[in-house]
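First up is the structure itself, then whatever we jot down about it.
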Amino acid sequence: MKLLCLTLDFHLPACRSLKEKRRRLNGLKDKFGSNPNIAVSESGFHDVHDRARWSFVIVGKSSRIIDAQKEQIQEYANSIIDGFITHCEAEYLL
């Protein structure tokens, strides 16, 4: 069993409220939170309007499977989220 923690930091230009911030990023939880192998959490910058940090813990039988899911998350975030990824960190925990 393998375990990966993926952390993405976002910059959300012109975001003026926490409600707007949640609306812009809610798709991450909707898309990946229903997968039983992925835990999704807003993990930083909770009270900052134009910044966000989200963490994903991915569990799988092999690194290949986990890396494929990690790529899906990053591609989705790059193409769908109304903002920019400013930092990405991936760390295998097991």
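If only one of Ser34, Ser17 is in contact (Cβ under 8 Å) with a residue 12 or more places away in the chain, open to solvent by 10 Å² or more (accessible area, probe 1.4 Å) and hydroxyl-bearing (Ser, Thr, Tyr), which one is it? Before the answer, list the steps.
Values: Ser34 fails: in contact (Cβ under 8 Å) with a residue 12 or more places away in the chain.
On inspection, the qualifying residue turns out to be Ser17.
Considering every residue within region 33-46, establish whether at least one is at pLDDT below 95 and in a helix (DSSP H, G or I). Scanning region 33-46, I find no residue that is at pLDDT below 95 and in a helix (DSSP H, G or I), so the answer is no.
Looking only at region 65-94, filter to residues that are assigned to a loop (DSSP other than H, G, I, E, B) and aliphatic (A, V, I, L, M); which one of those is surrounded by the fewest Cβ atoms within 10 Å (Cβ to Cβ)? Among them, the one singled out is Leu94.
Being in a loop (DSSP other than H, G, I, E, B) and farther than 18 Å from Phe84 by Cα is the filter here; which residues of region 1-32 pass it? Break it down into steps so the answer makes sense when it comes.
Here is the first cut: in region 1-32, the residues in a loop (DSSP other than H, G, I, E, B) are 1, 12-17.
Of everything in region 1-32, just one residue is in a loop (DSSP other than H, G, I, E, B) and farther than 18 Å from Phe84 by Cα, namely Met1.
Take the conditions hydroxyl-bearing (Ser, Thr, Tyr), surrounded by 13 or more Cβ atoms within 10 Å (Cβ to Cβ) and not in a helix (DSSP H, G or I) and apply them to Ser55. Does it pass? Step through it out loud before you land on a result.
Values: hydroxyl-bearing (Ser, Thr, Tyr): yes; surrounded by 13 or more Cβ atoms within 10 Å (Cβ to Cβ): yes; not in a helix (DSSP H, G or I): yes.
When the stated conditions are applied, Ser55 passes them.
The values are calculated or read from the model by the stated rules, or taken from the named source; none is laboratory data. These numbers come from a predicted model, not from an experiment. Virtual Cβ from ideal backbone geometry, glycine too; neighbours counted across all protein chains shown. These accessible areas exclude ligands, DNA and RNA; they are computed on the full protein's heavy atoms, side chains included. Shrake-Rupley method; radii C 1.70, N 1.55, O 1.52, S 1.80 Å.
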